[in-house]
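Everything on this sheet refers to the single structure shown next.
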Amino acid sequence: MLTDLFFSFLQIGLFSIGGGYVAIPLIQQQVVDRHGWLSMAVFNDLVTIAEMTPGPIGINAATFVGVRTAGVPGAVIASLGFVLPSMVIVTLLGWLYYRYRKAQLMQSILGGLRPVVVALIASAALGIALQAVFGSLRPTLASADWLALVLMIGAFLALRLLKWHPILTMLLCGVVYTAVSLLFFPG
């Protein structure tokens, strides 16, 4: 049982590239279809619980299935199987980087990746900003939440110029938005 748990979640961890939601069908295939450890109804509960609890959905699911099938040892084995591929791959990449970080090829690769990473982060930030201020990715002046825009600009300035703590800034923005909304837009 423990060996089956380990190798099932090792496969899931190895092939669930792209995040936790990619792992869901792989987990279903292993724990419901192949091994029958869970019924589909219990699997649906597992997905709900794994989404609600803190942490990545894949590791939460591995822990849940492990406990359900083999107790605490099952949870440890399934979780280890799930994270082992990532640990090995990241360790190998770290070693390769450390060994070849000064090589011209590595510098060229990293030089090409930097603008891509910046573009991905900027794209995500723009999408979040548009969603927060306009409620969609297609902005119109009529759909603008001007209070959200003012708070976003104010938060940016507080973080960059005044060096406020990010958590304090988020809490303050939440309190201001709630207070202004309740005072000026009740109901």
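Below is a table of values for the structure above.
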{"item": "Whichever residue in region 102-137 is in contact with a helix residue (DSSP H, G or I) (Cβ under 8 Å, 6 or more places away or on another chain) and at negative phi and, among such residues, is surrounded by the most Cβ atoms within 10 Å (Cβ to Cβ)", "result": "133"}
{"item": "Cross-chain or 6+ apart pairs with Cβ under 9 Å, region 59-83 first and over 11 Å from residue 9 (Cα atoms), then outside any helix (DSSP H, G or I) and of a type in the set (D, E, K, R)", "result": "none"}
{"item": "Region 142-187, residues that are surrounded by 13 or more Cβ atoms within 10 Å (Cβ to Cβ) and either outside any helix (DSSP H, G or I) or in contact with a His (Cβ under 7 Å, 6 or more places away or on another chain) (or both)", "result": "144, 145, 164"}
{"item": "Entirely in region 38-134, the helices (runs of 4 or more DSSP H) that have 1 or more residues that are out of contact with any Pro (no Cβ under 6 Å at 6 or more places or on another chain), modelled with pLDDT under 90 and polar (S, T, N, Q)", "result": "40-52, 104-134"}
{"item": "Residues located in region 20-37, provided they are loosely packed, with under 13 Cβ neighbours inside 10 Å, assigned to a helix (DSSP H, G or I) and free of Cβ contacts under 8 Å to residues at least 12 places away in the same chain", "result": "25, 33"}
{"item": "Any hit, region 168-175, residues being without any contact (Cβ under 8 Å) to a residue 24 or more places away in the chain and assigned by TED's automatic domain parsing to the domain that holds residue 61", "result": "no"}
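The values are calculated or read from the model by the stated rules, or taken from the named source; none is laboratory data. Note that the structure is predicted; figures quoted are calculated from it, not measured. Reconstructed Cβ throughout: ideal geometry from the backbone, glycine too, with neighbour counts over all protein chains shown.
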